[in-house]
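First the structure, in the form of structure tokens, and then the observations on it.
The values are calculated or read from the model by the stated rules, or taken from the named source; none is laboratory data. On a predicted model such as this, the values are computed, not experimentally measured, just so you know. FYI the Cβ positions are ideal-geometry reconstructions off the backbone, even for glycines, and counts take in every protein chain you see. Remember, those area values only see protein heavy atoms, side chains included, never the ligands or the DNA or RNA. Shrake-Rupley method; radii C 1.70, N 1.55, O 1.52, S 1.80 Å.
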Amino acid sequence: MTEDRPTTIHTEDALAPRNPWRFLRPGLPGGFTRWGWGLMAGWMLVLLGPVLGWAGHLRRAAGWSALPSHWGERISARDIWELWENGGLQHRLANSPTVHLFGLGLVIVLWCGWRMQAERAGLQARLGSWLLGALDTVLIGFLPVGLLAWLGDVALAWLGQLGIDGLGWMALFGRPLFWMAAVAALNLQWWFCRLGRAAGPLRGYRHHLADCFLRLWTHPVQWGLLSLGGAALRGVLPFLVLVLAWRMGGGTAFRVGLFLGLQLAVTVLNGWLMGWLLRATALFWAHDAEVRDARAAVKDLPREAAIN
């Protein structure tokens, strides 16, 4: 008579560790909910609100707007400096609708994203978890993510100085993309920290920080590709609309309205993509927390047996 070998949590499909990409498909639905719509509306205020607000501000100040006739014309750095220093723009900017719309949109994006993510993970979205999660991110995220981004920036800068055209273009676009990906990675770290805060650090604060850190750095390649690819996609779509507008020129109010509509569609899509990553991260966190709790329970079994 042979005894069955004991099973572990790694052999049970429900409690087997999974990589982040496994949660991209389950995270697809749920974008068109009240928090999803709020997230996309916030993105529109952040990206399009300042543009429209500033255009209206200039129109009210000057009495007219030459945007349809001069769309795509270049303005030099000296012109911008003259407008800023001698045109009194720095005094008007504080009361400009650009600042108000940007700030309002940013608050809506951050809060709706947090409510969506907490709801998907089955947690209650608290302001304290949101704020303290940001503090945890400063403690465990700034140094490793910043160091990695700095090393990548230095490497690309060195490649760009070799005099090879292809490497120069790669450095030109890759350096800002690296820093955008670093910001995205810090966001991921913040999302893990605030979810952990909302669930409650059951095994102490040190375990909470360690779990949040490992959730990001146990899968550095997949999270890195998601951060880099997401930053590139969210950046290239508005850039393509800008290039199209630059090549075609304004000419008529219809063309300006067309470009504005394209930019609006791209902004909504970027907001939806951000919500998709928020939902996928919440699902990954919920599964990973379940796996870690099961591991902790298995480790405590011999101790409890010895006590009994």
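Values as computed for the structure displayed
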| item | result |
| --- | --- |
| Gap separating the Cα centres of region 220-284 and region 22-48, nearest whole Å | 13 Å |
| Solvent-accessible surface ranking, highest first, for R18, R25 at 1.4 angstrom | R25, R18 |
| Protection proxy ranking, peptides 266-272, 134-140, 207-213, 162-168, average beta carbon neighbours within 10 Å, highest first | 266-272, 207-213, 134-140, 162-168 |
| Shape of region 111-202, Cα gyration tensor, a/c cut at 1.5 | prolate |
